[in-house]
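The values are calculated or read from the model by the stated rules, or taken from the named source; none is laboratory data. What you are looking at is a predicted structure, and each value in this text was computed from that prediction instead of being measured. Here the Cβ positions follow ideal geometry from the backbone for every residue, glycine too, while neighbour counts run over all protein chains shown. Note: areas computed on protein heavy atoms with side chains; ligands, DNA, RNA excluded. Shrake-Rupley method; radii C 1.70, N 1.55, O 1.52, S 1.80 Å.
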Amino acid sequence: MLIELLRSLAPSDWEKHTVSPKWKVKDVAAHLLDTALRGVSIGRDGYVAENPAINSPTDLAAFINRLNHEGVTVYQRLSPAVLIALMEVATKFVAEYQASRDPFAMAPYGVSWAGEEKSPNWFDTARELTERWHHQQQIRLAVNRPGIMTRELYHPVLDCFLRALPFTYRDSSAKTGTLLQFTVSGECGGIWYLYRTNEVWQLVEPPIGAAASETTIPQEIAWRIFTKGLDGDSALAQVKVSGDVSLGLHILRMVSIVA
């Protein structure tokens, strides 16, 4: 779908701005190419060009942001035709690599935005899906093309994004037994529950009991909130909360990308 989308773009489309403030459509495409090649080099080939000291989430974000900036700077210099041709090769590598992984073995890196220093491959693969889905969605939004709003492809993205809830709420205090409900409305959405136990928040299966707050976010804006494509204040008018408003709205601070 990404290749078909890029092939369909007019020359002027490549220069349109996306919801990512610093990136135009071509920048996002360059980022997708860079991360595909970089991910396969590290994951499949075990090749790490540099290994700086990472002592905090801030260090990690700064390192990733620098790599992303450098990659975009290089690949945005390519013509659209060359970029698309390289993308075909790179994405084939990515698909083959992801399919070859043992889902329950440990990934090279943990999913940091979920608070994990180590993560199984299945979570890393899911994170890769969210990256490639939401960046393509940014392009589609910028050029006024229909989004990928199918349950098969969008619901797994949401389910992965919302695994950041316990980490997002780690500093939010509540008494043991407090239950929070989060609904992403629409055919691609679902309901997620966060439960407070032993001073830790955990995602749980549908429980018995009343929720202290119920938050509902339309599927059209959920992905933008969780990827810094829409700030919390702008989202407020479309988000509904009942019960404990403070706890319910804390989800608007959730960021399910390295940023």
With +1 on the Cβ of every Lys and Arg and -1 on the Cβ of every Asp and Glu, the dipole magnitude of the chain about its Cα centre, in debye rounded to the nearest 20, is 400
Can you pull out the trypsin sites (Lys or Arg not before Pro) in the range 84-146 whose DSSP state is coil and whose Cβ has at most 12 other Cβ atoms within 10 Å? Lys118
Using Cα atoms only, what is the angle between the long axis of helix 121-142 and the major principal axis of the chain, expressed in degrees (0 to 90) to the nearest 10? 70
Helix-only mean residue ellipticity at 222 nm for the chain, each DSSP H run of n ≥ 4 adding -39500 (n - 2.57), per residue, nearest 500: -14500 deg cm²/dmol
With every protein chain left in place, what is the accessible area per residue of the range 44-96 in square angstrom, probe 1.4 Å? 65
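Tell me, what is the FRET efficiency for Ala237 and Glu187 to the nearest 0.05, using R0 = 35 angstrom and their Cβ-Cβ distance as r?
Between Ala237 and Glu187 the formula returns 0.95.
State the percentage of accessible surface on the chain attributable to carbon and sulfur atoms; use a 1.4 Å probe and exclude ligands, DNA and RNA.
54
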Give the Kirkwood hydrodynamic radius (Å, one decimal) of the range 1-141, defined as one over the mean of 1/r across all pairs of different Cα atoms. 16.0
Probe 1.4 Å, accessible area per residue of the range 183-259, Å²: 51
Between 0 and 90°, nearest 10: helix 151-161 axis offset from the chain longest Cα axis: 70
Give me the percent of DSSP beta bridges within the chain that run antiparallel, rounded to the nearest 5. 75
Principal axes first, then extents: for the Cα atoms of the range 113-256, list largest minus smallest coordinate on each axis, whole Å, largest first. 46, 37, 24
Just grab the label-to-label distance for Glu152 and Phe93, each label 7 Å out from Cα along the Cβ direction, in nm (one decimal). 2.8
Rank these residues by their accessible area, most exposed first, probe 1.4 Å: Leu165, Leu60. Leu60, Leu165
Ranked from highest to lowest mean number of other Cβ atoms within 10 Å per residue, what is the order of the peptides 229-239, 80-90? 80-90, 229-239
Between Asn65 and Glu205, take the C-beta separation as r, use R0 = 41 Å, and let me know the FRET efficiency to the nearest 0.05. 0.70
Kindly sort Phe104, Phe182 by accessible area of their heavy atoms, largest first, with the probe set to 1.4 Å. Phe104, Phe182
Listed by chain and number, the aspartates and glutamates with an alpha carbon less than 12 angstrom from that of Lys16, same-chain partners under 8 positions apart left out, are Asp27
